[in-house]
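Below is one structure, written out as structure tokens; comments come after it.
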Amino acid sequence: MNRIIKKAKTLKGEITPPPDKSISHRAVMFASLAKGQSRIKNFLWAKDPLSSLNAMKSLGVEITITDSKEIIVNGKGLHSLKEPDNVIDCGNSGTTIRLLSGIVAGQRFLTVLTGDDSLRYRPMKRIINPLSLMGANIMGRAENKFPPIVIKGGFLKGISYEMPIASAQVKSAILLAGLYAKGETTLTEPHKSRDHTEKMLKNMGVNIIINDNTVKLSPVDHELNCFDITIPNDFSSAAFFIAGACLVPDSEILIKQVNLNETRTGFIEVLKNMGATIEIFNITEQGGEPVGDIFAKSSSELKGINVQGDIIPKLIDEFPILCVVATQAEGKTVIKDAKDLRAKESDRIKAMTSELKKMGVKIKEFEDGVEIEGPCKLIGTEVYSYKDHRIAMALSIAGVIAEGETTIKDANCVDISFPEFYSLLEMLQK
Ligand code: S3P
């Protein structure tokens with residue numbers, strides 16, 4: 001499905017973004033490992049977390065959904081999963097396949113994990129290597145590069161592991177396998193990635209110690225506590241509207257109850273340093289995370305900046321929309337140290353470079369990032385989403401500030417994380 005976007009005069013109003021995708025995956029997976037009944041409210045009903053929910057059902061977990069869309073998971077404990085009688089399809093979801101690999105690495109049965117055309121070309125050595133070191137029999141297609149992955153788990157040992165890249169998915173896979181391992185599991189990341197797994201497992205009674213970029217998990221000799229959670233709303237989805245408010249003249253958007261976990265909000269730090277007007281208030285706590293309301297408004301004097309190093313994992317999913325913001329900033333914005341973006345749902349460095357060029361942007365592509373020179377008048381044209389939800393949404397915000405009409409090809413991929421994206425965008429234009 002293609003989507004036509006017209007230039008917006010203004011974006012005004014109040015929105016509640018969808019529930020957090022990362023926490024939705026984890027809630028349904030971790031509740032499946034607990035002993036007892038867990039209740040999950042405000043789950044993200046989008047394709048990616050549904051891949052995790054269906055995967056846990058395939059592993060024999062009893063999951064029911066109430067009329068009010070609450071999920072009830074009847075966890076039977078760490079060792080209660082059953083061998084699936086078919087291959088598990090993880091769809092487009094890197095989080096599902098990588099976290100699940102860690103879980104099934106601890107099971108004494110055979111699991112085969114696969115996914116869609118994009119997922120079957122995403123790198124898996126990053127989990128296959130550490131899980132093999134822990135003692136799992138695990139193999140992937142093309143000499144362990146890609147899914148399908150075949151795993152026969154059981155009898156794991158804890159390891160001490162230096163992660164070559166910062167990745168919450170890899171870190172989580174190792175920690176989940178660590179729940180089944182004999183001995184301590186310790187890992188160190190080059191930069192700190194999102195920490196939802198650590199927080200949630202701690203809350204379930206797992207002994208986890210965090211020291212800068214090092215996480216240590218003690219062997220588990222008891223069942224994990226079940227939990228009730230109301231999932232906070234997703235900062236990464238809110239980011240498109242924060243950018244929209246900053247870029248469209250006379251705009252003001254209030255975004256309600258957003259997860260403000262500091263391992264996720266690097267985009268706000270960067271936008272503020274560029275000169276954007278963004279305020280945060282009503283900070284409370286929900287689902288073990290700080291949440292608050294975000295107010296953003298037109299910011300006409302943005303300046304280009306350098307974005308690199310430790311902040312990159314804190315805005316990794318916001319790279320496509322940050323590129324769009326940079327097109328409107330005075331001077332050069334340089335984003336570096338982000339090579340892993342080439343291994344996301346699409347090669348996001350290549351995708352943003354080629355599509356923003358079509359819209360008239362001066363953008364240079366590096367192996368690990370981009371340089372964008374602004375400000376620049378965007379021209380509406382036909383652009384491609386690469387079937388990547390975040391590329392489709394970022395280009396749509398570019399379309400809202402471009403002259404004329406912008407056609408986003410294959411825009412229905414927004415269903416992966418944000419099915420109501422286009423209806424909210426239309427609502428704000430009224
Ligand atoms: C995620 C981690 C990040 C992020 C992805 C979700 C998670 O991936 O890009 O959208 O839920 O753990 P990496 O771990 O590959 O950086």
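Summary value for the range 174-331: 23 percent relative contact order, contacts being C-alpha pairs under 8 angstrom separated by 6+ residues. Length available on full extension from Asn86 to Ile210: 0.36 nm per residue minus the Cα-Cα distance, which gives 40.9 nm.
How do 103-110, 18-25 rank on mean C-beta neighbours within 10 Å, highest first?
Values: 103-110: 21.4, 18-25: 27.1.
So the peptides 103-110, 18-25, ranked by packing, come out 18-25, 103-110.
What is the Cα centroid distance between the range 107-140 and the range 215-237, reported in whole angstrom? If we compute the Cα centre of each part, the gap is 22 Å. When only Cα pairs under 8 Å and 6 or more residues apart are kept, what is the percent relative contact order across the chain? Relative contact order here is 18 percent. With the simple spin-label model, which puts each label point 7 Å out from Cα in the Cβ direction, the Met1 to Gln308 separation comes to 4.1 nm.
Pairing the Cα long axis of helix 168-178 with the longest principal axis of the chain, what angle in degrees results, from 0 to 90 and rounded to the nearest 10? So the inclination is approximately 10 degrees. Ordered from largest to smallest accessible area (heavy atoms of protein chains, 1.4 Å probe), the residues Thr16, Thr96 come out as Thr16, Thr96.
So which of Lys6/Lys336; Lys256/Lys303; Lys6/Lys377; Lys216/Lys339; Lys57/Lys199; Lys7/Lys377 end up more than 21 Å apart, counting from Cα to Cα?
Working: Lys6/Lys336 32 Å; Lys256/Lys303 27 Å; Lys6/Lys377 15 Å; Lys216/Lys339 27 Å; Lys57/Lys199 24 Å; Lys7/Lys377 12 Å.
Violating the 21 Å limit, Cα to Cα: Lys6/Lys336; Lys256/Lys303; Lys216/Lys339; Lys57/Lys199.
Taking every DSSP beta bridge that has both ends in the chain, the antiparallel portion is near 70%. Taking only the C-alpha atoms of the chain, the Rg (one decimal) and the largest Cα-Cα distance, Dmax (whole number), read 21.1, 62 Å. Phi-derived couplings, Karplus 6.51 cos²θ - 1.76 cosθ + 1.60 at θ = phi - 60°, listed residue by residue for the range 356-370: 5, 4, 4, 8, x, 8, 7, 9, 10, 9, 10, 4, 10, x, 8 Hz, with x used for Gly and Pro. Put one equal scatterer on each alpha carbon of the range 228-386, apply the Debye formula with no solvent term, and list log10 I(q)/I(0) at q = 0.16, 0.21 1/Å to two decimals. Log10 of I(q)/I(0), two decimals: -0.90, -1.41. Looking at the square roots a ≥ b ≥ c of the eigenvalues of the Cα gyration tensor of the range 50-138, which shape do they give, rounded for a/c under 1.5, prolate if a/b is larger than b/c, or oblate? Taking the square roots of the gyration eigenvalues as a ≥ b ≥ c, the range 50-138 is oblate. Across every direction, the projection of the convex hull enclosing the Cα atoms of the range 21-230 has a mean area of 10.2 nm².
Seen against the Cα atoms of the chain and their longest principal axis, helix 389-401 is set at about 10 degrees.
Loop-located chymotrypsin sites (Phe, Trp or Tyr not before Pro) across the range 148-221 with a Cβ neighbour count of 16 or fewer within 10 Å are Phe155, with loop assigned by DSSP.
Length gain on complete extension for the stretch Met427 to Thr16, per 0.36 nm per residue less the alpha carbon to alpha carbon distance?
Extra length from Met427 to Thr16 when fully extended: 146.7 nm.
Put a plus charge on the Cβ of each Lys and Arg, a minus charge on the Cβ of each Asp and Glu, and nothing anywhere else: the dipole of the chain about its Cα centre is then about 720 debye.
Put simply, the amide H of Glu330, placed in the peptide plane, has neighbours under 5 Å in Leu302, Lys303, Gly304, leaving out anything fewer than 5 places away on its chain. Heavy-atom accessible surface of Val414, to the nearest 10 Å², is about 10 Å², with a 1.4 Å probe and all protein chains retained. Amide hydrogen proximity for Asn233: with H placed 1.01 Å from N in the peptide plane, the residues at 5 or more positions away or on another chain lying under 5 Å are Asp20, Asn259. Distant-in-sequence amide contacts of Leu156, defined by a placed amide H-H separation under 5 Å and a gap of 5 or more residues or a different chain, comprise Lys182. What shape does the range 217-284 have by the C-alpha gyration tensor, where a ≥ b ≥ c are the square roots of the eigenvalues, rounded means a/c under 1.5, and otherwise prolate means a/b greater than b/c and oblate the rest? Note, shape of the range 217-284 comes out prolate. Estimated from helices alone, the mean residue ellipticity of the chain at 222 nm is -9000 deg cm²/dmol (sum of -39500 (n - 2.57) over DSSP H runs with n ≥ 4, per residue).
Extension gain, Glu143 to Lys332, is 63.9 nm, computed as 0.36 nm per intervening residue step minus the present C-alpha separation. The phi torsions of the range 87-101, fed into the Karplus equation with coefficients 6.51, -1.76 and 1.60 and a -60° offset, translate into couplings of 5, 9, 9, 8, x, 9, 9, x, 5, 4, 5, 6, 5, 5, 4 Hz, rounded to whole numbers, with Gly and Pro shown as x. Oblate is the label for the range 334-424. Its Cα gyration tensor axes, ordered a ≥ b ≥ c, give a/c of at least 1.5 and b/c at or above a/b. Note that the range 303-317 has calculated 3J(HN,Hα) couplings of 10, x, 9, 9, 10, 6, x, 4, 6, 4, x, 7, 9, 4, 7 Hz, one per residue in order, obtained from phi through the Karplus relation 6.51 cos²θ - 1.76 cosθ + 1.60 (θ = phi - 60°); glycine and proline are x.
The values are calculated or read from the model by the stated rules, or taken from the named source; none is laboratory data. Please read all numbers here as calculations on a predicted model, not as lab measurements. For neighbour counting, all protein chains shown are included, and Cβ atoms are generated from backbone atoms with ideal geometry for every residue, glycine included. Only protein heavy atoms, including side chains, enter the accessible area calculation; ligands, DNA and RNA are left aside. Shrake-Rupley method; radii C 1.70, N 1.55, O 1.52, S 1.80 Å.
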